[in-house]
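Trainee: Below are the structure tokens for one structure; questions will follow.
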Amino acid sequence: MDLLRASVNDADVMAKLINIAGEGLPVYLWQDMIEGDETVWDVGRQRARRDEGGFSYRNTTLAFGEHQVMGALIDYAQPDTFDPIDPTEIPAMFVPLLELESLAPGSWYINVLAVFPPFRNRGVGSELIRAAERNAINAGKQAISIIASDGNPGAIRLYERHGYTQCAKRAMIKEGWENPGKNWILLIKQF
């Protein structure tokens, strides 16, 4: 397996992996961004092609093996300070996520970690976690953070095996999004 930096040409596979990591939440949100005859996947690809923002190809590492993309990591530095969250200015379903992010200022943040189903339980996720940790150390960060759904206990076990500790949780606000989880969990690993 090789780890490669993504390019704008990887937007299609990125959109699919972002949706896997987000347990369907990205597609749910992208539906409201469709314009004209676009599809939800067109919106996802456009977001992945951006030069800026959390889901930019510039923050993405792809795990490549067996002549195909196996998984993806999107990671970057969190700001050292966060502005107070005004729940009246952002969609309600983002409030608990932003509250958790604000509890890990200055950390290196794993926004997306996803592996296509045929490649799970083969060490791809662990290799992507190690890549994120190398990125964090190279950036001089003292901690790395990730938010996961309690509806995905396999992911939480993976992070805990790598030394991440559950530090806080917030109740999910789902609106029309269907997900078995009840809470978002913030996990942090100190270096």
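Trainee: Determine which member of the set 2, 10, 86, 37 is of a type in the set (D, E, K, R) and touching a Leu at 6+ places or on another chain (Cβ under 8 Å).
Mentor: 10
Trainee: Also, I was wondering about something else. Mind listing whichever residues of segment 23-49 are of a type in the set (Gly, Ala, Ser) and open to solvent by 20 Å² or more (accessible area, probe 1.4 Å)?
Mentor: 24, 36, listed by residue number.
Trainee: Looking at residue 12, is it in a helix (DSSP H, G or I), acidic (Asp, Glu), open to solvent by 20 Å² or more (accessible area, probe 1.4 Å) and modelled with pLDDT under 95?
Mentor: Here the answer is no, as residue 12 does not meet what is asked.
Trainee: I've got another one for you. Being open to solvent by 70 Å² or more (accessible area, probe 1.4 Å) and not polar (S, T, N, Q) is the filter here; which residues of segment 159-179 pass it?
Mentor: Across segment 159-179, the qualifying residues are 160, 161, 167, 169, 170, 175, 178.
Trainee: Which strands (runs of 3 or more DSSP E) sit wholly inside segment 50-158 and have at least 3 residues that are touching a residue at least 24 places away in the same chain (Cβ under 8 Å), open to solvent by less than 50 Å² (accessible area, probe 1.4 Å) and over 17 Å from residue 168 (Cα atoms)?
Mentor: Result: 60-65, 68-77, 108-115.
The values are calculated or read from the model by the stated rules, or taken from the named source; none is laboratory data. In this text, all values refer to a predicted model and were calculated from it rather than measured experimentally. Neighbour counts run over all protein chains shown; Cβ positions are idealised from the backbone, glycine included. Calculation scope for accessible area: heavy atoms of the full protein, side chains included, ligands and nucleic acids excluded. Shrake-Rupley method; radii C 1.70, N 1.55, O 1.52, S 1.80 Å.
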